[in-house]
1. Tabulate in residue order the Karplus-calculated ³J(HN,Hα) for the stretch 256-263, using 6.51 cos²θ - 1.76 cosθ + 1.60 with θ = phi - 60°, rounded to whole Hz; enter x for Gly and Pro.
2. On a C-alpha basis, how far is the centre of the stretch 70-106 from the centre of the stretch 117-172 in Å? Whole number, if you could?
3. Provide Rg over Rh for the stretch 168-301; use the alpha carbon set for both Rg and the Kirkwood Rh (inverse mean inverse pair distance).
4. Taking amide H atoms as placed 1.01 Å from N in the peptide plane, list the residues 5 or more away in sequence, or in a different chain, whose amide H sits under 5 Å from that of Asp91.
5. For Leu196, what is the net charge nearby, where nearby means another residue's Cβ is under 15 Å from its Cβ and Lys, Arg count +1, Asp, Glu -1?
6. Amide H to amide H under 5 Å from Thr47: which residues, 5+ apart in sequence or cross-chain, H placed 1.01 Å off N in plane?
7. Given 0.36 nm per residue, what is the gain on full extension from Ala211 to Arg280 after removing their alpha carbon distance, in nm?
8. Which value, in nm² and rounded to one decimal, describes the direction-averaged projected area of the C-alpha convex hull of the chain?
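Here, each number is a calculation from the coordinates, and none is a lab measurement. From a predicted model like this one, the values you see are computed outputs, not experimental measurements. Reconstructed Cβ throughout: ideal geometry from the backbone, glycine too, with neighbour counts over all protein chains shown.
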Amino acid sequence: VPIAVLATPYGGAGKLVRGGLGPARLLQGGLEAELGRLGHVLRPFRTVELSPSEEETYGAWERVGLANGHLARLVHEAVGRGDFVLGLLADCNAMLGMLGGLQRSGDRLWPPRVGLLWIDAHADYNTPETSPSGMLGGMPVAVAAGKALRRLRLSSGMTIPLQSPDIVLAGVRDVDQLEGEAIASDGIHSVRPAELVHPDGVLRVMLDHLAAREDLIYAHVDLDILDPALAPAAGLPVPGGLSGHQLGRILNLVLSHPKVQALGIASYRPEDDAGGQTFREIMTAVIEGARGLLSRGELKT
Ligand SMILES: [Mn+2]
């Protein structure tokens, strides 16, 4: 399966320097070379760019929607060619564009059902009403589920909101109170952090349930799923978390699943990673995941 590597430097605070450089740094720092060495065919790297007039449009949240709309078009093109999509994302808000692109692939009148496997220290299930911080980055899963910010969802290409059973949260270890109440009352499924250490258990069961329901699955990784002691330059650090090797075993399992059509990797901050420690953990994880993608090809033939 050819891999289309797509990047977006746009996040909740605009075109980020913090995080915005992350996607390019991952690729040039060795990801491209390593994927090639494994035997993957890579499409030419594409990156989202707003036009000058779009850059001047309204506020940062509107620009996130515009950038996500561009990302969705790139995802749509890539999936139309049969590519696997690897999204290198400034922050988690870009998940809306990844989902939007997957929803638009296939028949327009009978769009594919798309599921979400959300691997993050945070649930990102806040709405503007429940959020203690008001940060857009804490809301994208709720936006994808149609609970708030309809305009942002639509401009990201997501015409159909996810339903609760389309969502599986994995490894979440920091939830705000009202956010937790919403997750419980909406009946969102979760895989607990301790259960992720052996991915071939609860996670596999959840993935199989999701696959039975969906045509396509998007797997999203906020790199703060990693332990900040090992990978401090990733996302919004929360004590605890996985090693790069542990995340690699999870991604290996996830990417070996034929319905997983896209992987998003979000929130690497190279400017806080002078020694490259976080980079090495990420690389370990993604390379192990990419092996899973290769094993899927072998199963098919
Ligand atoms: Mn997070």
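1. With coefficients 6.51, -1.76 and 1.60, one gets 6, 7, x, 8, 7, 9, 8, 10 Hz.
2. Comparing the Cα centres of the stretch 70-106 and the stretch 117-172, I get a distance of 16 Å.
3. On the way: Rg = 15.2 Å, Rh = 15.5 Å.
On the Cα set of the stretch 168-301, Rg over Rh gives 0.98.
4. Distant-sequence amide H within range of Asp91: Ser267.
5. On the way: positive: Arg173, Arg192, Arg204, Arg249; negative: Asp120, Asp174, Glu195, Asp200, Asp222, Asp224, Asp227, Glu288.
Residues near Leu196 contribute -4 overall.
6. Ala7
7. Values: separation 69, 0.36 × 69 = 24.84 nm, distance 3.11 nm.
In short, 21.7 nm is gained.
8. Values: hull surface 56.6 nm².
Computed as one quarter of the Cα hull surface, the answer is 14.2 nm².
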